[in-house]
Amino acid sequence: MGQPRKNLDDLDTNGQKGDWAFLDNDKHIAVRYGETPFKGTVVLPLVGPAAWQWDGNKEAPTLNPSILVESVPNWNDGWHGWLREGKLVTA
């Protein structure tokens, strides 16, 4: 199971795959989907028209819909899956 981190810096410095951090007073969530800091992290909106649905749980969040990170050659491997009850689930 992933662990909540204090902020984006804590996520990049101390985070592991599956960890997350809420940003901007819970307006965004950063999710570490890969092994490499920064390159393996995606920031998702939790408010607004393009927002992910969040269940409100900060200790073990669930997001909908799935998360799709496109693969970019020489940058990241991409990833597709969900954050369910604080755990990454690969599609």
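Quick note: the coordinates plus some simple rules give every number you see, no bench work behind them. Keep in mind that this is a model prediction, so the values were computed, not measured.
Points to keep in mind about this one:
- Over the chain, the ratio between the Cα radius of gyration and 2.2 N^0.38 Å evaluates to 0.98.
- For region 16-29, the Karplus equation 6.51 cos²θ - 1.76 cosθ + 1.60, evaluated at θ = phi - 60°, returns couplings of 10, 3, x, 7, 8, 9, 7, 10, 6, 6, 6, 7, 9, 10 Hz by residue, with Gly and Pro reported as x.
- Helical runs (DSSP H, four residues minimum) scored at -39500 (n - 2.57) apiece and divided by the length of the chain put the mean residue ellipticity at 222 nm at -2000 deg cm²/dmol.
- Distant-in-sequence amide contacts of residue 5, defined by a placed amide H-H separation under 5 Å and a gap of 5 or more residues or a different chain, comprise 20, 21, 22.
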